[in-house]
1. Based only on other Cβ atoms within 10 Å, what is the fewest-to-most ordering of F53, F233?
2. At q = 0.10, 0.12 Å⁻¹, work out log10 I(q)/I(0) for the chain with the Debye formula, treating every Cα as an identical point scatterer and leaving solvent out; two decimals please.
3. Below 13 angstrom from the Cβ of A189, what's the summed charge of the other residues (Lys, Arg +1; Asp, Glu -1)?
4. Please order D47, D117 by the number of other Cβ within 10 Å, starting at the fewest.
5. Taking the alpha-carbon centroid of each part, what is the distance from the range 19-89 to the range 111-129 in angstrom?
6. If packing is taken as the mean number of other Cβ atoms within 10 Å per residue, what is the order of 80-93, 62-75, highest first?
7. Please state the charge dipole magnitude for the chain, taken about the Cα centre, from unit charges on C-beta atoms (+1 on K and R, -1 on D and E), reported in debye and rounded to the nearest 20.
8. Treat the count of other C-beta atoms within 10 Å as a stand-in for reagent exposure and order T170, T52, T243, T16 from fewest to most.
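Since every read-out is calculated from the coordinates, none of them should be taken as a lab result. All values reported here derive from a predicted model rather than from experimental measurement. As a convention, Cβ positions derive from the backbone with ideal geometry for all residues, glycine included, and neighbour counts pool all protein chains shown.
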Amino acid sequence: MTIDDKEPAGLRVLVTGASRGLGLATARRFAAAGATVLTASRTAPPDDLPATFIPADLRSEEGVAELGRRVVERAGGVDVLVDNAGATAGPAPTLERSDASWLADLEINLLSAVRLDRVLVPGMVERGAGVVVHVSSIASHLPQPAEASYAASKAALNAYSRELATAVGTHGVRVVCVLPGFVVTEGAADHLRHMADSRGVSVEEMQRRLVEHLKVPMGRPGRPEDVAELIAFLASDRGRWLTGAQYRVDGGIIPVV
């Protein structure tokens, strides 16, 4: 059973990291299609989001286990799992980055998905259907200066996604990886403002410079809704033969076919 825009009612979707940005846009997209949406994050999403919010801290094994338990308790499991929770420990010279920084990025960007999948995907296997969407990043193929631990953790997520797809494919469960590019989320907007202030330029000018630096063929950054639309497609019955692959939504930044 997969998300089908014609018959979405009753399907259960869990989106992690859904208090803002890509996660919030994705939760809104599924809710608009009529799915039963659950969200998980440390802070609550906006009140107007038609979803069940479960407070969760996915940076630890205990936090993920508690979330999985509460999801099963409330909904009996999920049909679509969007592992979107992610973060960066912040910029640091590669050879000076501490073990703690490396481990922090691996915990949230890789192990949070591994642990939550371990709790919820067996239910999909048992039912013979389900979709897992891992939200990665084009940084996994195009690391940015001083962001080695973030890029490496997302590259590990890509490799894990491919193997998980192989492991559960014969049971009717699909696993796909979505790689957003330069998308203006709330967090990115805050970063843009900081960069603009430090250079004495407007936010609009800073955004233009970044688009130029990244050589974005589309000439603009992405919107959270651009990514949410791809996730909804991949999780729908229209993507029923898609698994074990990475899908970039980056406006053409990475120059490969």
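1. Placing the least packed residue first, the sequence is F233, F53.
2. Each listed q corresponds, in turn, to -0.47, -0.68.
3. Working: positive: R20, R193, R223; negative: E186, D190, D197, E204.
Combined, the nearby Lys, Arg, Asp and Glu give -1.
4. Working: D47 6, D117 22.
Final ranking by Cβ density, sparse to dense: D47, D117.
5. Each part's Cα centre sits 15 Å from the other's.
6. On the way: 80-93: 21.8, 62-75: 16.8.
Packing order, densest peptide first, comes out as 80-93, 62-75.
7. On the way: 27 positive and 31 negative charges, 81 e Å.
Rounded to the nearest 20 debye, it is 380 debye.
8. On the way: T170 9, T52 16, T243 20, T16 27.
Fewest-to-most ranking of T170, T52, T243, T16: T170, T52, T243, T16.
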